[in-house]
Amino acid sequence: MRRLADLLRGVAFVGLGNAWRALRYTRQKARWERTPAPSEAPVAVGALLAVEPLPSGVRFRFANATLEVLFLSSDLLRLTWTPGAVPPPYALARTEWPEVGVVLGQKGETWRLRSAELALALAPDGLKVERMREGAVLRREAFPQRRGEGWVHSADLHPAAPVFGLGEPAAPFNLRPGTYRLWNRDPGGSYGLGEDPLYLTAPVLWVHRPAPGYLIFYENPHEGQVVLGDRMKVTFEGGALRYYLIPGPVERALERFSELTGRPPLPPRWALGLHQSRWGYRTQAEVAGVLAGYRRHEIPLAAIHLDIDHMHGKRVFTSAPERFPDLAALAGQAHAQGVQVVPIVDPGVKKDPDYPVYRSGVARGVFCRLPDGREFHAPVWPGWCAFPDFTAPHARQWWAEQYAFLTERGVDGVWHDMNEPSTFVAQGDPTFPRRVQHHFEGQGGDHRVAHNLYGLLMNRAGFEGLRRLRPERRPWILSRSGWVGVQRYAWTWTADTESTWEALKMTVAQMLNLGLSGIPYSGPDIGGFSGAPDGELFTRWFQLAAFLPFFRIHSSIISPPREPWHFGEPYLSIVRAFARLRMRLMPYLYTLAWEASQRGWPLVRPLWWTHPEEADLWAVDDAFLLGEALLVAPVTEPGVTTRRVRFPPGRWYDFWTGQVYEGGGLQPVAAPLERIPLFVRAGTILPLEDAGEETLELRLYPPHPGERAHGRLYLDAGDGYGPHRLETYAAEWVQGMWVPERQVEGDYPFPYADWRWTTVGTASSKEASE
């Protein structure tokens, strides 16, 4: 019955014509697919034959493999096992590193290579990585084995070690035990807990024990699998086995990892506001009505998204002449209300000789091809489509040029979808045949290597196009898929979740794992994509999302309307209040965004972020930190008006009441429908924006006696690349009153008409600050 229901939902989604095309393509794809080679028995690396010192490293030659070990910095270790090709370094932002002073030595049968911070020992039974400072073993691993064209790699895990990362798995926060496939995939319009794989996989893991933990990144885009049980076992179907090791603590590891793979650029400030979307806005007038509804109900809205219905026959870089006759006028109408416009763009280009985009792509030779040289076609929304080969520089350049159609009409950002890449199939893997050919900067390759990179490189082309077309503005792209490094170009979201309480709870774990994978900007479809949430579920989802980086309402065409006023009272008033609270928190959120651009830290962090030794916090996935100052404990069950919150050590203030909670335990707190548990760390100076963006409030939450309070605020024009301002605050208790300090760096003028200091538990103390 479930399979029949899935089939009927699929036909309803794609339409009868595309359903028939999917059947035909499925038959073609079966013929084109490479016949799987029989599974070969693993081959050991064999005996060690030679050792060759290198600048910053060493090369070990074995009978059946070669291992190159390089220190890119004293705390960043790269290991590469060959045979197997290393693909172009699309994931990396930095490939040139200064030489690192290392010492290579031998004792008996053990070779040891060390920097100032790490040491790698190679013995007959495998590898060991130690921290020089304490002599503590971070990781022990067996020699990998070659299997066919790929690799099998295993390592010890501390019995109590939780493991995090891998992108956005639909799993609990602690991924251990579990088995996870590394292959970006559209699950088909709806998914819940346990679905694997999803749209964005990332071979990045944070192993939390032994202290201080370590991050490992496998720079291999082939299909793979990660098994986390008594040991960690990682397999890849092809390519070289190249991986990077970075020791903790976690904030230092992510800072180094983001130096390697790139830090997210500072987004335009509007991107942190509320976004509204729906698959099913069929006309320009309907979108205008939604804008009017937000204005009428006094809900602050930052952006409205246009799904596939805005296009002419679902052809990318077009607008429907009858239903969306004047996209520029719609953008102007939205801008007059302070709302940005974000249209969708898919990679599939309709095969139509009368369609200028397709004609241009054929002339420029940008589309993927089959091994016999024919252009590859598959069905997606417009019907039969060709697909740009984003591994080719000339194809990325051509694609970047197409965004002029949108920028000339005044759109503000772009939403990339279907870029796993996804196609319509009747059964099997909904993507390209693995024999489809790709350019790979001239070195050549097929879709086995390109698949997981496709979304990353589409985002790169789009980002570079927007930056060239509008150099005075910051590009903003939302993408359903990507790979390691996607944070340099795009935000992401968790896409087509079920509208269930279980999926709501799963959102927290997905946000935390994305952040620990180096991808800081994400969020869910509020209310879930594929169902019909009641008012309570929608409201609780909205309350959670108000504290996530990406804050968007979105739903399926077969779901009821999702705009907040459709749920009636009391839900509408609660949603309005949280949308306004989001705007009050904008100074804090924007400062966190600036911090992410400087250090690579996620905005959403696990409760153990500042206390990694607290074992009770390791697996908590029903609460999180927003930056260091805020603790958010969403309600993820129906009918709940109280819930228990596990507090990290320290003192915490209830944001709503000012009540003080001492950390280090599990405590019951009130959670009525109109609010969720929200707490502020003692010692915080929290910047808040008053209504109308006219007054800045600096709210001090007193620290423990004898300690100072701290805070900071980043300010600029909210877009572009002009001057900035960084304000740093401190406050100290002196002779019965709080004496604040304020330091200012940068040339951007203070944008508020007024500002005031307040202290939780006391009257306003602006006088003391002047």
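Quick check: at a probe of 1.4 Å, how many percent of the accessible area of the chain sits on carbon and sulfur atoms?
Values: 14140 of 27700 Å².
Summing carbon and sulfur atoms, their accessible area is 51 percent of the total for the chain.
Mind grabbing the base-10 log of I(q)/I(0) for the chain at q = 0.05, 0.06, 0.08, 0.09 Å⁻¹? Debye formula, identical points on the C-alpha positions, no solvent, two decimal places.
-0.26, -0.37, -0.67, -0.86
Run the numbers for residue 63 and residue 750: contour at 0.36 nm per residue of separation, minus the present Cα-Cα distance, in nm. Provide the component values of the computation, followed by the final result.
On the way: separation 687, 0.36 × 687 = 247.32 nm, distance 6.60 nm.
Once the chain is fully extended between residue 63 and residue 750, it gains 240.7 nm.
Hey, with R₀ at 25 Å, roughly what FRET efficiency would residue 558 and residue 193 work out to, going by the Cβ-Cβ distance, to 0.05?
Working: r = 22 Å, r/R0 = 0.87.
So the FRET efficiency works out to roughly 0.70.
Output the Cα-based Rg and Dmax of segment 350-475 in Å, rounding Rg to one decimal and Dmax to a whole number.
14.6, 46
Counting only heavy atoms of the protein chains, get the accessible area per residue of the chain (1.4 Å probe) and round it to a whole Å² value. Don't skip to the end; give the middle numbers.
Working: 27700 Å² over 770 residues.
I get 36 Å² per residue for the chain.
When the solvent-accessible surface of protein heavy atoms is calculated with a 1.4 angstrom probe, in what order do 175, 193 fall, highest first? Numbers along the way, then the final one.
Details: 175 0, 193 85 Å².
So, going from the largest accessible area down, we get 193, 175.
Compute the separation of the alpha-carbon centres of segment 64-117 and segment 552-608 and state it in Å as a whole number.
42 Å
How large is log10 I(q)/I(0) at q = 0.17 Å⁻¹ when the Debye formula is applied to the Cα atoms of segment 486-599, each weighted equally and without solvent?
These q points yield log10 I(q)/I(0) values of -0.84.
Enter the Cα centre distance for the pair segment 475-507 and segment 439-460, rounded to the nearest angstrom.
That distance is 21 Å.
Quickly estimate the mean residue ellipticity at 222 nm for the chain, helices only: each DSSP H run with n ≥ 4 gives -39500 (n - 2.57), and the total goes over all residues, rounded to 500. Before the final figure, lay out each step's value.
Details: 14 runs with 163 residues, N = 770.
Result for the chain: -6500 deg cm²/dmol, rounded to the nearest 500.
Nearest-5 percent of antiparallel DSSP beta bridges in the chain? Don't skip to the answer; put the middle values down first.
Details: 128 of 154 bridges.
If I count the DSSP bridges inside the chain, around 85 percent turn out antiparallel.
Stretched out fully, how many nm does the piece from residue 48 to residue 732 gain, at 0.36 nm a residue minus the Cα gap? It would help to have the intermediate numbers written out before the result.
Working: separation 684, 0.36 × 684 = 246.24 nm, distance 6.23 nm.
Going from the current span to full extension adds 240.0 nm.
How many percent of DSSP beta bridges within segment 620-770 run antiparallel, rounded to 5?
Values: 39 of 46 bridges.
If I count the DSSP bridges inside segment 620-770, around 85 percent turn out antiparallel.
Modelled label-to-label distance, residue 107 and residue 407, 7 Å Cα→beta-carbon offset: nm?
5.9 nm
Within the set of other residues whose C-beta is less than 9 Å from the C-beta of residue 416, count the net charge using Lys and Arg as +1 and Asp and Glu as -1.
Values: positive: 480; negative: 346, 417.
Result for the neighbourhood of residue 416: -1.
Count neighbours as other Cβ atoms within 10 Å of each site's Cβ, and list the trypsin sites (Lys or Arg not before Pro) in segment 58-126 that are DSSP loop with at most 15 such neighbours. Numbers along the way, then the final one.
Details: sites: 59, 61, 78, 94, 107, 112, 114; in loops: 94.
Within segment 58-126, the qualifying trypsin sites (Lys or Arg not before Pro) (loop, at most 15 other Cβ atoms within 10 Å) are 94.
Can you compute log10 of I(q)/I(0) for segment 284-412 with the Debye formula, treating each Cα as one identical point scatterer, at q = 0.21 Å⁻¹?
-1.16
The values are calculated or read from the model by the stated rules, or taken from the named source; none is laboratory data. Quick caveat, the model's predicted, so the values are computed rather than measured. With ideal geometry, Cβ positions are generated from the backbone for all residues, glycine too; neighbour counts draw on all protein chains shown. Just the protein is used for accessible areas: all its heavy atoms, side chains included, with ligands, DNA and RNA removed. Shrake-Rupley method; radii C 1.70, N 1.55, O 1.52, S 1.80 Å.
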